[in-house]
Amino acid sequence: MLYNIAGGIFLFEWGSYIFFTYPEWAIYGGIAMAIAAVSLINVLALANRSYIWTRVCKFIWPFLIVISLVRAIIMIVELQRGKAKINWECDNGQQLWPASEEAGYGGSTTMPSVICTAGFPTLWIVFIIALLVDFVFQLYMFFMTWRYEKLLQHYSSMKPSIGGYYYNA
């Protein structure tokens, strides 16, 4: 959840330096924030043993997983397509790509120096790994939600004990 918030903020703040079609970075950041919001609802639903919210999250997760997978593929392809532009930005004092600057995308922020220091291949690999980890975490959250919903369905008349086991009182 926190990594999605951090990724969304990164994309909202500095996405115009690595994605060059408006509002591409805002869409990617919005998807990250939506995943974080559903994760928060899911954590609260599991913590409060809420059957209704667990079912809501179980319904939403498959859609978010598919959207996130499509987003990951598009982000990787667009990063590869923008490789020359990112390298140009790094070679020219971390300024915004001229076409993006003319369109007014940059705002008041400057390009993070770590992108230029690490280089494009490192940035590309980090994005791929981060998107894969994000996908695995979402699958795991969906599995936990599905499993917990089944537990609530099958053991609704039973009471939990201290060890996490259920008994019939």
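The values are calculated or read from the model by the stated rules, or taken from the named source; none is laboratory data. From a predicted model like this one, the values you see are computed outputs, not experimental measurements. FYI the Cβ positions are ideal-geometry reconstructions off the backbone, even for glycines, and counts take in every protein chain you see.
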| said: Considering only residues that are closer than 16 Å to GLN138 by Cα and of a type in the set (A, V, I, L, M), which ones fall in the stretch 46-58? | reply: LEU46, VAL56
| message | Among the residues of the stretch 16-24, are any closer than 30 Å to ALA99 by Cβ and in contact with a Pro (Cβ under 9 Å, 6 or more places away or on another chain)? | response | yes
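Residue-wise test of (1) farther than 24 Å from ILE125 by Cβ; (2) hydrophobic (A, V, I, L, M, F, W, C); (3) modelled with pLDDT under 90.
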| position | (1), (2), (3) |
| --- | --- |
| PRO23 | yes, no, yes |
| MET33 | yes, yes, no |
| SER50 | yes, no, yes |
| VAL56 | yes, yes, no |
| ARG71 | no, no, no |
| MET75 | no, yes, no |
| CYS90 | no, yes, yes |
| field | Residue in the stretch 66-102 that is nearest to the chain's Cα centre (by Cα), counting only those that are among the hydrophobic types (A, V, I, L, M, F, W, C) and crowded, with 16+ Cβ neighbours inside 10 Å | value | ALA72
| said: Exactly one condition in (1) closer than 20 Å to ILE125 by Cβ; (2) of a type outside the set (S, T, N, Q); (3) surrounded by fewer than 17 Cβ atoms within 10 Å (Cβ to Cβ) is false for PHE63; which is it? | reply: (1)
| field | Hits in the stretch 38-57 - residues which are surrounded by fewer than 16 Cβ atoms within 10 Å (Cβ to Cβ) and either within 16 Å of ASP134 (Cα to Cα) or in contact with a strand residue (DSSP E or B) (Cβ under 6 Å, 6 or more places away or on another chain) (or both) | value | LEU40
| query | Being on the phi < 0 side of the Ramachandran plot, in contact (Cβ under 8 Å) with a residue 60 or more places away in the chain and part of a loop (DSSP other than H, G, I, E, B), is that true of even one residue in the stretch 73-92? | reply | yes
| field | Checklist (1) of a type outside the set (A, V, I, L, M); (2) in a loop (DSSP other than H, G, I, E, B); (3) touching a residue at least 24 places away in the same chain (Cβ under 8 Å); (4) surrounded by fewer than 16 Cβ atoms within 10 Å (Cβ to Cβ) applied to PHE20, failing item | value | (4)
| task | Please determine, by comparing only the residues of the stretch 103-123 that are surrounded by 15 or more Cβ atoms within 10 Å (Cβ to Cβ) and within 18 Å of THR21 (Cα to Cα), which one is modelled with the highest pLDDT. | result | MET111
